[in-house]
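The values are calculated or read from the model by the stated rules, or taken from the named source; none is laboratory data. Since this is a predicted model, take the numbers as computed values, not measurements. Positions of Cβ are generated from backbone atoms using ideal geometry, with glycine treated the same way; all protein chains shown enter the neighbour counts. Side chains included, ligands, DNA and RNA excluded: accessible areas come from the protein's heavy atoms. Shrake-Rupley method; radii C 1.70, N 1.55, O 1.52, S 1.80 Å.
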Amino acid sequence: MTASPAVSSLPDLPEPGGLCAIHQPNLFPRLTTLAKLFAADYWIVLDDVQFTRRDYQHRARLGALDEPDRRQWLTIPTCLPHGRSTLIRDALIDDPDRARRKTAGMLRQHYGASPHWPALALVLDQVLDTFDTGRTAAVAAASTRLLLDLLGWQGQILTSSDLPSRPGRSQRLADLSAVTGARAYVCGTGGMTYLDPAPFAAKGIDVLPFQPPTTNIWSSSRRLSALWAMAALGPQDVAAFTQRLAVDHGLPVAAA
């Protein structure tokens, strides 16, 4: 795994002192992932690490509208031009037109009966347009960004491949947090299992664990795409839940 190269000109960076979340582009991410990003001032899309088929970069688990325990995988067929070493940003959609039609059909089949479908459909149409790029990461990142928009998030999105960092799981994350001026890194439950806080401490960056509860709307949030909650409860209610969760963690959210 190689680190992002140092670049001569950085993209527009957020104001120093913000809360940073770093996460791979996930297709219609789980509610826990969406809530973590919602709680941050900005999200760095981690696109220059190895693509993993058993992760959520090209797939999402959909729950049936009235029976969320009945689940089905939505998967974007993906080709890896460099084999297992292919980076997320380089993964290609196998037959984008067919993948787009299948995705549109599955989403309508699962959530078309929701009273919130008109609002969701406007967002989903924009996600479907990104299939024209032919890149899985573009679709996944757009699906996350547009769901955040639907919740009223006002944060900024950056891309790791545009920023300098060094190899090593924790070192890379610490470098990305530091170069963007973060005062703290918002870390999800999965990340806390492997994260080494030392590189963050060396740069004076706090690591803030973000752990959603396991009851109410959050009972299936680690397994299902956030689309189920959006369709079942509506974007406004989901925004209220995610905002309340961020406040419970002591995090001011970048939301309208």
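Cα centroid distance between the range 6-68 and the range 212-256, in Å?
15
Hey, what did the range 1-128 get for relative contact order, percent, Cα under 8 Å, at least 6 apart?
After rounding, I find 19 percent.
Where the accessible area of the chain is counted over protein heavy atoms with a 1.4 Å probe, how much of it, in %, is carbon and sulfur?
Roughly 49 percent, rounded to a whole number.
How large is the dipole of the range 85-164 about the Cα centre if only Lys and Arg carry +1 and Asp and Glu carry -1, each at its Cβ, rounded to the nearest 20 debye?
With Lys and Arg at +1 and Asp and Glu at -1, about 220 debye.
For the chain, take every pair of Cα atoms, bin their distances at 10 Å starting from 0, and report each bin as a whole percent.
The distribution over the chain is 7, 32, 37, 21, 4, 0, given as percents.
Just to be sure I understand: of the beta bridges DSSP finds with both ends in the chain, what percent are antiparallel, rounded to 5?
40
Give the long-range amide H neighbours of ARG135: residues separated by 5 or more places, or on another chain, with amide H under 5 Å away, using H modelled in the peptide plane at 1.01 Å from N.
Under 5 Å from the amide H of ARG135: ILE93.
In Å², and per residue, what accessible area does the chain have when probed at 1.4 Å with the other protein chains present?
Value returned for the chain: 45 Å² of accessible area per residue.
Compare SER225, SER85 by solvent-accessible area with a 1.4 Å probe and give them largest first, with all protein chains kept in place.
Result of the area sort, largest leading: SER85, SER225.
Within the chain, which is the longest segment that contains none of the trypsin sites (Lys or Arg not before Pro) sitting in a DSSP loop with at most 14 other Cβ atoms within 10 Å?
Answer from the scan: 71-202.
Run the dipole for the chain about the Cα centre, Lys and Arg Cβ at +1, Asp and Glu Cβ at -1, nothing else charged, and hand back the magnitude in debye, nearest 20.
740
Residue farthest toward the positive end of the dipole of the chain, with Cβ of Lys/Arg at +1 and Asp/Glu at -1: which of ILE44, ILE217, GLN154?
ILE217
Quickly estimate the mean residue ellipticity at 222 nm for the chain, helices only: each DSSP H run with n ≥ 4 gives -39500 (n - 2.57), and the total goes over all residues, rounded to 500.
-11000 deg cm²/dmol
Report relative contact order for the chain in percent, whole number only (criteria: Cα-Cα under 8 Å, sequence separation at least 6).
Here the relative contact order equals 32 percent.
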